[in-house]
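Enquirer: Quick one: the structure is below, questions incoming.
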Amino acid sequence: MSTEQAAAAAPQKRAFGRPRGGNRRGGRRDNEEKGWTPVTKLGRLVKAGKITTMEEIYLHALPVKEYQIIDTILPELKDQVMKIKPVQKQTRAGQRTRFKAIVVIGDSNGHVGLGIKTAKEVATAIRAAIIIAKLSIIPIRRGYWGSSLGAPHSLPVKVTGKCGSVAVRLIPAPRGSGIVASPAVKKLMQLAGVEDVYTSSSGSTRTLENTLKAAFVAIGNTYGFLTPNLWKDFELTQNPLDVYADEALAGKKRY
Amino acid sequence: MSLPASFDLTPEDAKLLLAANVHLGAKNVQVHNEPYVYKTRPDGVNIINIGKTWEKIVLAARIIAAIPNSQDVVAVSSRTFGQRAVLKYANHTGATAIAGRFTPGSFTNYITRSFKEPRLVIVTDPRTDFQAIKESSYVNIPVIALTDMDSPSEFVDVAIPCNNKGKHSIGLIWYLLAREVLRLRGSLPDRSEPWSIMPDLYFYRDPEEVEATTEDKEGVEEETEAVTEEAEWTAEPAEADWSTQPAEAADWAETGAETVQAW
C-alpha cells in the first residue's frame, strides 16, 4: 500500500501508464467471461445476437445494466486508469482509507465511458470502475471544422460541459491541429476518436475528477445538439424489446 | 380521436359506473391537472365526468392491447381494495400482478428475485403505489394509473379518473379494463354482449365476509364462468348475503337488482 500511495502522491494529473489492451491483469478466473447468463431482457437479446450495435440501444434509450452487453457489442474497448487517489474518512480508531479509481474507456471510434469507483483495495476499485465505465458509454458525434472531405476528424459544434466548478469547452479545430488539451482531457479525446479539437477550461481544473466529468458531459452534448441536417423527420422504429419479445423472455429464471 | 360508435359508453356500463360510485371524487383536495371534474357538490365532493372516465379506459385498453407479450404488463396494488382486482385482472388478461408490498428494486435491481422488466405498468393508486411509479421512471416504463381528484400525477402517463377510495369503484374499473382489453384482443368477439364474468369477482372481500358467506353457502361457486348473469342475479343466496352487509353494499344490491330488471 505504501508504494502505491507514494506513486499516487507524486504525479497528480498524469495518467497511470499501465499497459492495457483487452486483457486484464492476471488472477482472473476462467468462467468470468465465458459463462455469462444474462439476467436482463436486453442482455438476452444481445447474447442471442439480435442487437448488434450500440446505436440500437441509444435510439430507444434502453437502460444497460449488464456490462457484458457492452463487451459483446464493442469488443475492442481500451481502458485507461486516469487516477487513483486515496480518500479518507475519520473514525474514532483513526482514519479509514479507501481508494478512488477514475477510469476512461473507449474504442477510439465514437464511444467513450467514464467510471469512478472507490473501494478498499486499489485493484477492486479499478475493476469496478472499469465496469461502471462500460455501463456509462456514450456516443460522440464527430464532424468537420471546414470542408467535409474525408472522415470526420473534429466536433460538429462547440460544446461545453460543467461539473462542480470546472467548465470545459470543446471547439472544432482544423485538420492536423491535434488535441489541444490538458493530458487527462487529451486521453479522453483520443479514446473517443476525436483527432483535432481546441479546448478551453475554467474553474479548479486540478480536480481531475471534475475536469473529466465536465469533459464527458461536453462530448455527450454533441449528440444533443440539433443541427440543420437533423431537421428532417424520420420514421420511428419499433423498440427491439417489442420486436423480439419472445426471445427476450426465453430463458428467464422462474422462481 | 374518432373511434367507431361501438366504443361509446353504453347505458348499461354507465349504470354500473354510477352504482359503484365511480363518479364520486375526492373532497376539497384537488390538483391542477383535473379537468375531469364535472361539478362540485355543495358538500365538497367533486363529481367526476364518467364519459371521460370511459374514454380513458378505452385509451388505456388500446395501449395495453398493443403490447405484444401480455406478461410484460404489470398490474400493481399495495392497497387491499385493489389486490383481488389486480390478481383477477392478471388472471384474465395474462398480465403479471404485484399485490401487496412492492419490493423496492423490482424494476431496477437485476439481482432481486422479484426483478421484472415490464413494458407497461398499471397502478391502482399513485399515492400508495408511488414506489412502483418511481422505479418505472428510472427504466423508461410508461405508467397507467387509476387517479382520483387528489392523486399526484407525476410520471403518470395515462390517468383514469375515478374514485379510488371505494372497493366497488376500484373493482369495477379493473373489471372494465380487463373486459376492454379482452374485447380488443378478440377474445370477446361481440362488443354488445355482456361479459360472462361478474364485476363482483373483482371486488375486495374482507376476511369476516368471506367466513360468513362460506358458512351459508355450501359449494355454491363464486366464479360465474358458465352460468349467465340473469340466472345468478335471481338466485337467492347471493342476494341475501349481500343484503346482510352494511349500507353501502345494500345500496349496491338494490340498485343492481333494478338494473337487472331494466335489462
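Enquirer: Just to be sure I understand, how many residues within the stretch A:218-249 are under 26 Å from the mean Cα position of the chain (by Cα), crowded, with 18+ Cβ neighbours inside 10 Å and within 26 Å of A:Gly43 (Cα to Cα)?
Expert: Of the residues in the stretch A:218-249, 3 are under 26 Å from the mean Cα position of the chain (by Cα), crowded, with 18+ Cβ neighbours inside 10 Å and within 26 Å of A:Gly43 (Cα to Cα).
Enquirer: Also: Residue under question is A:Thr97, and the condition is that it be out of contact with any Gly (no Cβ under 8 Å at 6 or more places or on another chain), surrounded by fewer than 16 Cβ atoms within 10 Å (Cβ to Cβ), part of a strand (DSSP E or B) and among the hydroxyl-bearing types (Ser, Thr, Tyr); does it hold?
Expert: On the way: out of contact with any Gly (no Cβ under 8 Å at 6 or more places or on another chain): yes; surrounded by fewer than 16 Cβ atoms within 10 Å (Cβ to Cβ): yes; part of a strand (DSSP E or B): yes; among the hydroxyl-bearing types (Ser, Thr, Tyr): yes.
Taking the combined requirement at face value, the residue satisfies it.
Enquirer: In the stretch A:234-251, what residues are of a type in the set (Phe, Trp, Tyr) and either facing chain B (nearest Cβ under 8 Å) or out of contact with any helix residue (DSSP H, G or I) (no Cβ under 6 Å at 6 or more places or on another chain) (or both)?
Expert: If we filter the stretch A:234-251 for residues that are of a type in the set (Phe, Trp, Tyr), which is where we start, we get A:234, A:244.
Once the filter is applied, which keeps residues that are of a type in the set (Phe, Trp, Tyr) and either facing chain B (nearest Cβ under 8 Å) or out of contact with any helix residue (DSSP H, G or I) (no Cβ under 6 Å at 6 or more places or on another chain) (or both), the stretch A:234-251 yields only A:Phe234.
Enquirer: Out of A:Ala181, A:Ala133, report the one residue that is among the small types (Gly, Ala, Ser), surrounded by 15 or more Cβ atoms within 10 Å (Cβ to Cβ) and under 29 Å from A:Ile69 (Cβ atoms). Please lay out each step first, then the result.
Expert: Details: A:Ala181 fails: under 29 Å from A:Ile69 (Cβ atoms).
Of the residues listed, the single one that is among the small types (Gly, Ala, Ser), surrounded by 15 or more Cβ atoms within 10 Å (Cβ to Cβ) and under 29 Å from A:Ile69 (Cβ atoms) is A:Ala133.
Enquirer: Anything in the stretch A:31-82 that is in a loop (DSSP other than H, G, I, E, B), within 14 Å of chain B (Cβ to nearest Cβ), on the phi < 0 side of the Ramachandran plot and more than 14 Å from the chain's Cα centre (by Cα)? List them, or say none.
Expert: Initial filter on the stretch A:31-82 (in a loop (DSSP other than H, G, I, E, B)): A:35-40, A:48-53, A:60-66, A:74-77.
Add one more test, that the residue is within 14 Å of chain B (Cβ to nearest Cβ), and what stays is A:36-40, A:60-66.
Now restrict to residues that are on the phi < 0 side of the Ramachandran plot: A:36-40, A:60, A:62-66.
Answer for the stretch A:31-82, where residues must be in a loop (DSSP other than H, G, I, E, B), within 14 Å of chain B (Cβ to nearest Cβ), on the phi < 0 side of the Ramachandran plot and more than 14 Å from the chain's Cα centre (by Cα): A:Trp36, A:Thr37, A:Pro38, A:Val39, A:Thr40, A:His60, A:Leu62, A:Pro63, A:Lys65, A:Glu66.
Enquirer: What are the pairs with Cβ atoms under 9 angstrom where one residue, in the stretch A:176-203, is in contact (Cβ under 8 Å) with a residue 24 or more places away in the chain and the other, located anywhere, is of a type in the set (Asp, Glu) and in a strand (DSSP E or B)? Sequence gap at least six, or different chains.
Expert: A:Leu191/A:Asp79
Enquirer: In the stretch B:114-164, how many residues are of a type in the set (Lys, Arg) and more than 14 Å from chain A (Cβ to nearest Cβ)? Walk me through it before giving the result.
Expert: Of the stretch B:114-164, the ones of a type in the set (Lys, Arg) are B:116, B:119, B:127, B:134.
Narrowing the set further to residues that are more than 14 Å from chain A (Cβ to nearest Cβ) leaves B:127, B:134.
The qualifying residues number 2.
Enquirer: So is A:Lys65 in contact with a strand residue (DSSP E or B) (Cβ under 9 Å, 6 or more places away or on another chain) and of a type in the set (D, E, K, R) or not?
Expert: Details: in contact with a strand residue (DSSP E or B) (Cβ under 9 Å, 6 or more places away or on another chain): no; of a type in the set (D, E, K, R): yes.
Considered against the rule, which asks whether it is in contact with a strand residue (DSSP E or B) (Cβ under 9 Å, 6 or more places away or on another chain) and of a type in the set (D, E, K, R), A:Lys65 comes out as no.
Enquirer: Continuing with the same structure: Could you check, for the stretch B:57-77, whether at least one of its residues is at pLDDT 95 or above and among the hydroxyl-bearing types (Ser, Thr, Tyr)?
Expert: Within the stretch B:57-77 (the criterion being at pLDDT 95 or above and among the hydroxyl-bearing types (Ser, Thr, Tyr)), the answer is yes, since at least one residue qualifies.
Enquirer: Could you go through the stretch B:188-196 and let me know if any residue there is over 23 Å from B:Ala5 (Cα atoms), among the hydroxyl-bearing types (Ser, Thr, Tyr) and touching a residue at least 40 places away in the same chain (Cβ under 8 Å). Step through it out loud before you land on a result.
Expert: Let us first name the residues in the stretch B:188-196 that are over 23 Å from B:Ala5 (Cα atoms), namely none.
No; the residues of the stretch B:188-196 include none that is over 23 Å from B:Ala5 (Cα atoms), among the hydroxyl-bearing types (Ser, Thr, Tyr) and touching a residue at least 40 places away in the same chain (Cβ under 8 Å).
This table checks each residue for (1) under 28 Å from A:Ala61 (Cα atoms); (2) among the aliphatic types (A, V, I, L, M).
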residue: A:Ile126; (1), (2): yes, yes
residue: A:Ser147; (1), (2): no, no
residue: A:Ser165; (1), (2): no, no
residue: A:Ala181; (1), (2): no, yes
residue: A:Val185; (1), (2): yes, yes
residue: A:Ser200; (1), (2): no, no
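The values are calculated or read from the model by the stated rules, or taken from the named source; none is laboratory data. As the structure is a computational prediction, the values presented were derived from the model and not from experiment. Glycine gets a Cβ as well: all are built from the backbone with ideal geometry, and neighbour counts include every protein chain shown.
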